[in-house]
Amino acid sequence: MVKKSIRKIAVAAVSAAAAGAAMLGTAGTAHAAEGDRIDVGFTVVNQTDAYQKVSGSGSYTNAGGISRVCISIQRRYVGYGWDTVSTACRSVQDWGNTSEFSAPDFWVLSKNAKYAADFKTKVEAFDQAGNSALVKYSNQVAGRSN
């Protein structure tokens, strides 16, 4: 009798949790319109004796589902996660339905660039509600950072 009651409570709790998760999962769902598109260019590291410059660019085409697009340069040290070092965002309302643009270049003086790091470019489009609708990443490029 006690085992059956515990089993019923456990099943009810799991069912309630699953139903709650399903509701939470649909509340923040992002929607890109058919034809919405983002593209990412190459991440480029230009290095001289004096400095290192990391550049990244991308573009978007809006068919009605995108409200804002951000392009970021991201860095990862060996053994660590990615962090964003440079970002530029554009509003479709201000810039139109098609645009190409770049994140601000990330500069490091060569004498301060002591650690090996990887860089990549991320292009992310957001829907009208501010949810991430589309994401693309570029190639990863080896460089150095401080």
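A few points about this structure:
- Residues of the stretch 106-123 that turn out to be at pLDDT below 80 and among the polar types (S, T, N, Q), as a count: 2
- Filter pass, Ser59 being modelled with pLDDT of 90 or more, of a type in the set (Ser, Thr, Tyr) and closer than 15 Å to Ala133 by Cβ: no
- Filtering the stretch 112-143 to residues that are of a type in the set (D, E, K, R), in contact (Cβ under 8 Å) with a residue 40 or more places away in the chain and within 24 Å of Val78 (Cα to Cα) leaves Asp118, Lys120, Lys122, Lys136.
- Filtering the stretch 105-127 to residues that are surrounded by fewer than 15 Cβ atoms within 10 Å (Cβ to Cβ) and not in a helix (DSSP H, G or I) leaves Asp105, Trp107, Leu109, Lys114, Tyr115, Ala116.
- Sole exception among (1) modelled with pLDDT of 95 or more; (2) at positive phi for Ser86, by number: (2)
- Look at the stretch 78-89: where a residue is in the same structural domain as Val141 (by TED's automatic domain parsing) and a partner is of a type in the set (Lys, Arg), sitting 6+ places away or on another chain with Cβ atoms under 6 Å, you get Trp82/Arg76; Asp83/Arg75; Val85/Arg75; Cys89/Arg68.
- Set side by side, the residues Thr48, Thr43 differ, and just one is surrounded by 16 or more Cβ atoms within 10 Å (Cβ to Cβ), in the same structural domain as Lys114 (by TED's automatic domain parsing) and modelled with pLDDT of 50 or more, which is Thr43.
- Top-ranked residue of the stretch 74-100 - restricted to ones that are under 15 Å from Glu124 (Cβ atoms) and among the aliphatic types (A, V, I, L, M), ranked as surrounded by the most Cβ atoms within 10 Å (Cβ to Cβ): Val92
The values are calculated or read from the model by the stated rules, or taken from the named source; none is laboratory data. Computed from a prediction, not measured in an experiment: that's the story for all the values here. Counting neighbours? That spans all protein chains shown, and the Cβs are built from the backbone with ideal geometry, glycine included.
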